[in-house]
Amino acid sequence: MEYRQLGKTGKKVSVIGLGCEHLDKKPYPQIKETIDAALEHEVNIIDVFMPGEEIRENIAKALGNRRDKVMIQGHIGASDVNQQYDISRDLPTVKKYYENLLRLFGYIDFGMLFFIDTEENYRDVFETGFAGYAEHLKKQGDIKHIGFSSHNPEMAIRAINTGLPEMFMFSVNPAFDMLPSAEYVFDHFETGFGTELFKGIDPKRAELYKLCEQKQIGMTVMKTFGAGKLISQEHTPFGKPMTIPQCIHYALSRPSVACILPGCQTAAEVQEVHSYFESTENERDFTEILNTGKNDFKGSCVYCSHCQPCPVEIDIAAVTKLLDIARLDKSDIPPSIKSHYMNLKHKSDECTKCGHCEERCPFDVPVIKNMEEVAMLLTN
Ligand code: SF4
Ligand code: SF4
């Protein structure tokens, strides 16, 4: 297992965690075998968004005395009024469901402001007592960190800019990244993503990724496989289905992403997802897929590392990620970006301009020019 820091929470999470949503309504032995398998693979973060009492109890029971071996994302506002999964902003209802979660797990590591996708969601969370409740929970030590969940880059940017959340869960995969932010991802689950809509990485999503790096907001990822559509022959929006290692590698190579939370529902599925660690670089490479849609990535780095190896061992994707953030506002580059850069083993001024990277880059990124700009922006 590999572990990454989840932004400014300082917590080290396993790059593959477990989303428990598909365990809902499953028999206890199946829940237990799935959780056991995840822990055997050294998973240390799980998402429990489901509001149902039975599934929550079964997860707590399956964890048993291993509660402290995992960090839990628990969602504030998830409710199941009338046995239906729902979003509630009504404080007495919200408290009832959250207190039940706290009773079962003792404390929650990441208290998530649940589902901020629309203007209305934003107002209901930040302009009522809802966010204050999360702050109260944190003050009491019931939750360790405040986070939120969203599928909408515009709303995620606004939520981050309130200064309250320290981390968040977001839907990340190549199809969503290329969907214009004016399109709502859920509208495309049933009808298909429609490659005619794709045109390179949506600028709002790129802005979100950069903002996260700038403010050190760690991201956990849902919908890594686009609800299974990206890996399906029938539903893929690309020329061919992606593989599990390609989807995982894509998500893990986005800025600020600390882990993915795949919704496995059996031990075999856990095993399948963790086979990512045995995959080769070639098997993880997703660039060919990105080139099958009507995409316009020319000149923009997608951090795929296809350009490696560099003879002087510059980590080109990592350096370019920092450059892209610095470019956001050249007059006010965050000190953390410069110090990140200074901590890299090999700096861009070591570039010999051999051009090997540019020959290999599928997106015609002007790497040599970028390395010169990095030296200018990040070393002064
Ligand atoms: S420069 Fe090109 S090959 Fe290298 S990480 Fe960026 S997009 Fe990928
Ligand atoms: S041009 Fe520079 S960055 Fe690219 S491979 Fe050569 S030394 Fe590395």
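The values are calculated or read from the model by the stated rules, or taken from the named source; none is laboratory data. All of these numbers come straight from a predicted model, not from anything done at the bench. As a convention, Cβ positions derive from the backbone with ideal geometry for all residues, glycine included, and neighbour counts pool all protein chains shown.
Of the helices (runs of 4 or more DSSP H) lying entirely inside the stretch 1-108, those carrying at least 1 residues that are farther than 24 Å from residue 266 by Cβ are 91-105.
Return a yes/no flag: does the stretch 94-101 have any residue that is among the β-branched types (Val, Ile, Thr), in contact (Cβ under 8 Å) with a residue 24 or more places away in the chain and under 23 Å from residue 157 (Cβ atoms). No, that holds for no residue. Here residue 238 meets each of (1) free of Cβ contacts under 8 Å to residues at least 12 places away in the same chain; (2) in a loop (DSSP other than H, G, I, E, B) with one exception, condition (1). When 104, 113 are checked against the criterion of being within 30 Å of residue 203 (Cβ to Cβ), surrounded by 15 or more Cβ atoms within 10 Å (Cβ to Cβ) and not acidic (Asp, Glu), a single residue qualifies: 113. Pick from the stretch 161-219 the residues that are within 18 Å of the chain's Cα centre (by Cα) and at pLDDT below 55: which of them is surrounded by the most Cβ atoms within 10 Å (Cβ to Cβ)? Step by step, filter the stretch 161-219, then rank; the result is 185. Count of the stretch 353-380 residues, restricted to those that are free of Cβ contacts under 8 Å to residues at least 12 places away in the same chain and within 13 Å of ligand 2 (Cβ to nearest atom), is 2. Taken over the stretch 349-364, the criterion of being closer than 11 Å to residue 310 by Cα, in a helix (DSSP H, G or I) and at pLDDT 85 or above is satisfied by 350, 356, 357, 358. Looking only at residues of the stretch 304-347 that are among the basic types (Lys, Arg) and assigned to a loop (DSSP other than H, G, I, E, B), we find that the one that is farthest from ligand 1 (Cβ to nearest atom) is 330. Taking the stretch 332-352 as the range and being away from ligand 2 (no atom under 16 Å from the Cβ), closer than 19 Å to residue 372 by Cβ and surrounded by fewer than 15 Cβ atoms within 10 Å (Cβ to Cβ) as the test, only 342 passes. So how many residues does the stretch 229-252 have that are over 23 Å from residue 278 (Cβ atoms), surrounded by 20 or more Cβ atoms within 10 Å (Cβ to Cβ) and not charged (D, E, K, R)? Residues meeting the conditions: 3. Selection within the stretch 85-101: residues that are within 26 Å of the chain's Cα centre (by Cα) and not aromatic (Phe, Trp, Tyr). The member of this set that is surrounded by the most Cβ atoms within 10 Å (Cβ to Cβ) is 101.
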